[in-house]
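See below for the structure under consideration.
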Amino acid sequence: MIPNLTLAPDDVTNPVSSHSGTESAARAVAASKTEILTVKNLSKIFGAKPERAQELLNQGLGRNEIFAQTGNMVAVDDVSLSVNAGEIFVIMGLSGSGKSTLVRLLNRLIEPTSGQVILEGRDIAPMSVPELRAVRREKMAMVFQSFALLPNRSVIDNIAYGLEVAGKKKADRYDVARAALTRVGLASYEKLLPSELSGGMQQRVGLARALAVNPSVLLMDEAFSALDPLIRFEMQNELLRLQKEEQRTIVFISHDIEEAVKIGGRIGIMKDGRLIQVGTPAELIQSPADDYVRDFFRNVDVSRFLEASSLMTKVERGLIACNTSAPSERYLNSLIDSGAECGYVCDEAGRYQGCVTPASLHKTGTRPISDALLHDVAAVRLDTDLHELAAIALNQEHDVPVTDEQGRLAGVVSCRTILKQVMERRAA
């Protein structure tokens, strides 16, 4: 770290803020800290005697032992989580982990044994059937793996179906349906039947149908799992594009770790009906709760999910906050006295301008400090991955500066850190 520099009083600005987020800007730029969906102690036990099964759970027995003794299956066990407005929250796990049951508990397609599902401040569990139908129709739409399109209805009528059930006028629902169809790139297909579309196109129609009702939360249960790999890749990109434009709140179920880390701002990993760990991809990679979580990433090139935001250190000393027209020589002695190899220059608004060294300050003398900035020190964004960081570090002598969305200095990633991460990934 660079020691504090002695700055002229008229050059001091407010400290440059740091950024501690670890999510990719492409996935989480719109996510807020406002909870829109909260799950509290949610459980589902299938069978005739769930009370007895719950007693055994409380005694510490596992789901297999409980099934052997009672014939009841513990599908979801005391799950609590929260989903923030504007984020894609991925729930993943192996087959039988309870993830698809959990997503159906959220809208009560499956009735919970116990617990709460609170959507925008209202608990769904005690709602009457008419209230629940209204929630499904207006607040919580769902996209299924099997497309679930009406085979005898055209594309446009499939998309408009939810609006029709809601009592919208035909002209109005067609306008909304056409807009949704355009958003998923199928504007010219509205008159076709589902059977005339490819699998990828059918899933786009299913997505458009969900978007048409403008839900508070979009539930996607392995929505791309049945698609061919190339079409699946395209649909993931399509979802990210729509997310960037519309900032939806999405709960996405997946069994594919590559898919989860690509689209998820945060990921919840399930095992045997329990939620084992929740975190951003970088958090799960760097601090897995146990071997089960760690094993999910065993065959994945996780280096592309390690971003500058999770590898950087905060610059606590050595910030040169100044008017960039100030003479270079004003800062030379302070930088030399600090013993630092370089200093990080920010303008009066806190925006990062570049890196200087004692040699560059000495060379420019009375000229503006902006003339002393090194041209071979590249700054990166918060979401720059390890691959790109390594390529940049190879071509410069100094640590890599990291800037936030406003261009402010968020921190630096040392070449030592980059090398350490690269070697660890290679060893793994």
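Some points to look at:
- Sole residue being of a type outside the set (A, V, I, L, M, F, W, C), at pLDDT 85 or above, surrounded by fewer than 23 Cβ atoms within 10 Å (Cβ to Cβ) and in contact with a helix residue (DSSP H, G or I) (Cβ under 9 Å, 6 or more places away or on another chain), chosen from Ser225, Ser154: Ser154
- Single unsatisfied condition, Arg248 versus (1) crowded, with 19+ Cβ neighbours inside 10 Å; (2) assigned to a helix (DSSP H, G or I); (3) not hydrophobic (A, V, I, L, M, F, W, C): (2)
- Residues in the range 140-176 that are part of a helix (DSSP H, G or I) and among the hydroxyl-bearing types (Ser, Thr, Tyr) were compared, and the one that is nearest to Gly199 (Cα to Cα) is Tyr161.
- Annotation for the range 267-274: at least one member residue is outside any strand (DSSP E or B) and either within 20 Å of Ala85 (Cα to Cα) or in contact (Cβ under 8 Å) with a residue 60 or more places away in the chain (or both).
- Those strands (runs of 3 or more DSSP E) of the range 306-415 in which 1 or more residues are within 25 Å of Ser287 (Cα to Cα), at pLDDT 90 or above and touching a Lys or Arg at 6+ places or on another chain (Cβ under 6 Å) occupy 409-413.
- Yes/no for Phe89 being among the aromatic types (Phe, Trp, Tyr), in a loop (DSSP other than H, G, I, E, B) and either modelled with pLDDT under 95 or assigned by TED's automatic domain parsing to the domain that holds Ala260 (or both): no
- Qualifying residue in the range 177-194 (condition: part of a strand (DSSP E or B), at negative phi and not polar (S, T, N, Q)): no
- Just one of the numbered conditions (1) hydrophobic (A, V, I, L, M, F, W, C); (2) at negative phi; (3) modelled with pLDDT under 95 is not true of Leu106: (3).
- Listed by first and then second residue, the pairs with beta-carbon distance under 7 Å, at least 6 apart or on different chains, first residue in the range 163-190 and hydrophobic (A, V, I, L, M, F, W, C), second surrounded by fewer than 14 Cβ atoms within 10 Å (Cβ to Cβ) and at pLDDT below 90, are Leu181/Ala187.
- Counting only residues that are at pLDDT 85 or above and farther than 10 Å from Leu149 by Cα, the range 193-203 holds 4 of them.
- Residues in the range 105-134 that are crowded, with 20+ Cβ neighbours inside 10 Å and in a helix (DSSP H, G or I): Leu105, Leu106.
- Counting the residues of the range 38-58 that are in a loop (DSSP other than H, G, I, E, B) and either modelled with pLDDT of 90 or more or of a type in the set (Gly, Ala, Ser) (or both) gives 2.
The values are calculated or read from the model by the stated rules, or taken from the named source; none is laboratory data. This is a predicted model, so every value here is computed, not measured. Don't worry about glycine lacking a Cβ; one is built from the backbone with ideal geometry, like all the others, and counts go over all protein chains shown.
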